[in-house]
Amino acid sequence: MKAKKKFGQNFLVDRYFISQIIKEINPKIGDNILEIGPGKGAITDPILKKINHISVVEIDPDMIKILKNKISPINISILAEDILNMNNEFFEKFNKIIGNLPYYIATEIILKLTKIYSSSSELYFMVQKEVAERITAKPSNKSFGRLSVILQYYFDTELLFELPPVAFSPQPKITSAFIRLIRKTRVSSKVIDKDSFEQIIKIAFSQKRKTIKNNFKNILFDKDFLNLEISPTTRAETLTIEQFIRLENYVTQNNINFNC
Ligand code: SAM
């Protein structure tokens, strides 16, 4: 059967990398695992050698047919759905969410998962290498941007290893990377209003080469930067996650209007 481009189908075929993925996910009895986009079961099958049951969400009826032929219904719960249509509560019961993600919606899926609050959740995903670099970049790195700040507020993020195109069939044009995101348990320095946080990050990075004073023109003034103990001449790409939290707390607590 031909792989469907519109569903981002690049199937994992390299046994070595599949075993590395399973090693990182480390399926254990008691784990409640959700796989996004199981395809023909390249990761699903070896996981079921370690635990008795897995839940999967797959959009393509042809893939579902293949899975149903291979795996007993006792061992798998298959949801024939678009992952982006699943409501937040659905994800809460899983302690591990994994997948070789369809790259066309990979960031959208991961951003959706920031809204899920089960404290023990571990995420293991295959994404484009460039996306992995943005998700894991530290301040001052060229890949550090909006995605880095939002995701690193919620998760400890790590790029585990890269995979060449030959690990997949059909081969994608880009290099891939396998990443881990572990939800942070925050005790101090929390964002007050998550929507404002996202909006502030967007403004801060609106013109990457400009200073934050410039990007927050008519919103924050010299006295505000003094109160924040952040230099107005720095660029967003050098600010730490803690400084972004401080920015949001300050804007929210002082009712500063930034929708201009
Ligand atoms: N896990 C398999 C593997 O590694 O060989 C397949 C990975 S392939 C990159 C992505 C999978 O996600 C495909 O099976 C595709 O049909 C499925 N998919 C694409 N869009 C989806 C969506 N919106 N919701 C759920 N599954 C989706």
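The values are calculated or read from the model by the stated rules, or taken from the named source; none is laboratory data. All values derive from a computational prediction rather than experimental measurement. Note: ideal-geometry Cβ built from the backbone for every residue, glycine included; neighbour counts use all protein chains shown.
Search the range 195-207 for residues being over 21 Å from residue 115 (Cβ atoms) and loosely packed, with under 14 Cβ neighbours inside 10 Å, and hand back the single one that is modelled with the lowest pLDDT.
The qualifying residue modelled with the lowest pLDDT is 207.
Any residue that is more than 20 Å from residue 131 (Cα to Cα), touching a strand residue (DSSP E or B) at 6+ places or on another chain (Cβ under 7 Å), part of a loop (DSSP other than H, G, I, E, B) and touching a residue at least 12 places away in the same chain (Cβ under 8 Å) - is there at least one of those in the range 177-191?
yes
Mind counting the residues in the range 210-236 that are assigned to a helix (DSSP H, G or I), of a type outside the set (A, V, I, L, M, F, W, C) and out of contact with any helix residue (DSSP H, G or I) (no Cβ under 9 Å at 6 or more places or on another chain)? Full working, then the answer.
From the range 210-236, those assigned to a helix (DSSP H, G or I) are 212-215, 222-228, 236; that's our starting set.
Subsequent filtering for residues that are of a type outside the set (A, V, I, L, M, F, W, C) retains 213-215, 222-224, 227.
Subsequent filtering for residues that are out of contact with any helix residue (DSSP H, G or I) (no Cβ under 9 Å at 6 or more places or on another chain) retains 214, 223.
The qualifying residues number 2.
Here is a list of conditions, (1) part of a helix (DSSP H, G or I); (2) within 24 Å of residue 22 (Cα to Cα), and residue 127 meets all of them except one; can you say which number that is?
(1)
Please enumerate the residues belonging to the range 105-118 that are more than 18 Å from residue 163 (Cβ to Cβ) and within 12 Å of the ligand (Cβ to nearest atom).
Scanning the range 105-118 gives 105, 108, 109, 112.
For residue 82, indicate whether it is within 28 Å of residue 115 (Cα to Cα), acidic (Asp, Glu) and either buried (at least 16 other Cβ atoms within 10 Å of the Cβ) or not assigned by TED's automatic domain parsing to the domain that holds residue 122 (or both).
On the way: within 28 Å of residue 115 (Cα to Cα): yes; acidic (Asp, Glu): yes; either buried (at least 16 other Cβ atoms within 10 Å of the Cβ) or not assigned by TED's automatic domain parsing to the domain that holds residue 122 (or both): no.
So residue 82 fails the test.
Out of everything in the range 52-72 that is of a type in the set (A, V, I, L, M, F, W, C) and closer than 24 Å to residue 93 by Cβ, what residue ends up being surrounded by the fewest Cβ atoms within 10 Å (Cβ to Cβ)? Lay out the reasoning, then the answer.
From the range 52-72, those of a type in the set (A, V, I, L, M, F, W, C) are 54, 56-57, 59, 63-64, 66-67, 71; that's our starting set.
Adding the requirement that they be closer than 24 Å to residue 93 by Cβ leaves 54, 56-57, 59, 63-64, 67, 71.
Working: 54: 27, 56: 26, 57: 23, 59: 20, 63: 23, 64: 16, 67: 19, 71: 18.
Restricting to residues being of a type in the set (A, V, I, L, M, F, W, C) and closer than 24 Å to residue 93 by Cβ, the top hit is 64.
Let me spell it out: the conditions are (1) within 26 Å of residue 16 (Cα to Cα); (2) away from the ligand (no atom under 16 Å from the Cβ), and residue 96 meets all of them except one. Which number is the exception?
Of everything listed in (1) within 26 Å of residue 16 (Cα to Cα); (2) away from the ligand (no atom under 16 Å from the Cβ), residue 96 misses just condition (2).
Step by step: first the residues of the range 48-77, then only those that are assigned to a strand (DSSP E or B) and free of Cβ contacts under 8 Å to residues at least 24 places away in the same chain, then the one that is farthest from the ligand (Cβ to nearest atom). Which residue is that?
Of all residues in the range 48-77, those assigned to a strand (DSSP E or B) come to 54-57, 76-77.
After this cut, where a residue has to be free of Cβ contacts under 8 Å to residues at least 24 places away in the same chain as well, the list is 54, 56.
On the way: 54: 12, 56: 9 Å.
In this case the residue turns out to be 54.
Tell me yes or no: at least one residue of the range 37-45 is near the ligand (Cβ under 8 Å from one of its atoms) and touching a Gly at 6+ places or on another chain (Cβ under 7 Å). Step through it out loud before you land on a result.
In the first step, residues of the range 37-45 are kept if they are near the ligand (Cβ under 8 Å from one of its atoms); the result is 37-44.
Now restrict to residues that are touching a Gly at 6+ places or on another chain (Cβ under 7 Å): 37.
Yes, that holds for at least one residue.
Quick test for you: out of 144, 155, 178, pick the one residue that is out of contact with any helix residue (DSSP H, G or I) (no Cβ under 7 Å at 6 or more places or on another chain), on the phi < 0 side of the Ramachandran plot and of a type in the set (A, V, I, L, M, F, W, C). Walk me through how you get there before you give the answer.
Numbers: 144 fails: out of contact with any helix residue (DSSP H, G or I) (no Cβ under 7 Å at 6 or more places or on another chain); 178 fails: out of contact with any helix residue (DSSP H, G or I) (no Cβ under 7 Å at 6 or more places or on another chain).
Exactly one residue qualifies, and that residue is 155.
From the list 78, 98, 83, 74, exactly one residue is within 11 Å of the chain's Cα centre (by Cα) and modelled with pLDDT of 95 or more. Which is it? Step through it out loud before you land on a result.
On the way: 78 fails: within 11 Å of the chain's Cα centre (by Cα); 83 fails: within 11 Å of the chain's Cα centre (by Cα); 74 fails: within 11 Å of the chain's Cα centre (by Cα).
Just one listed residue meets the conditions, 98.
Within 12 Å of the ligand (Cβ to nearest atom), surrounded by fewer than 17 Cβ atoms within 10 Å (Cβ to Cβ) and of a type in the set (D, E, K, R): which single residue out of 5, 23 fits that description?
Values: 23 fails: within 12 Å of the ligand (Cβ to nearest atom).
Selected residue: 5, the only one of 5, 23 that is within 12 Å of the ligand (Cβ to nearest atom), surrounded by fewer than 17 Cβ atoms within 10 Å (Cβ to Cβ) and of a type in the set (D, E, K, R).
Which of the residues spanning the range 147-176 are in a helix (DSSP H, G or I) and surrounded by fewer than 17 Cβ atoms within 10 Å (Cβ to Cβ)? Break it down stepwise before answering.
Kept after step one, since they are in a helix (DSSP H, G or I), are these residues of the range 147-176: 147-154, 165-167.
Correct list: 165, 166.
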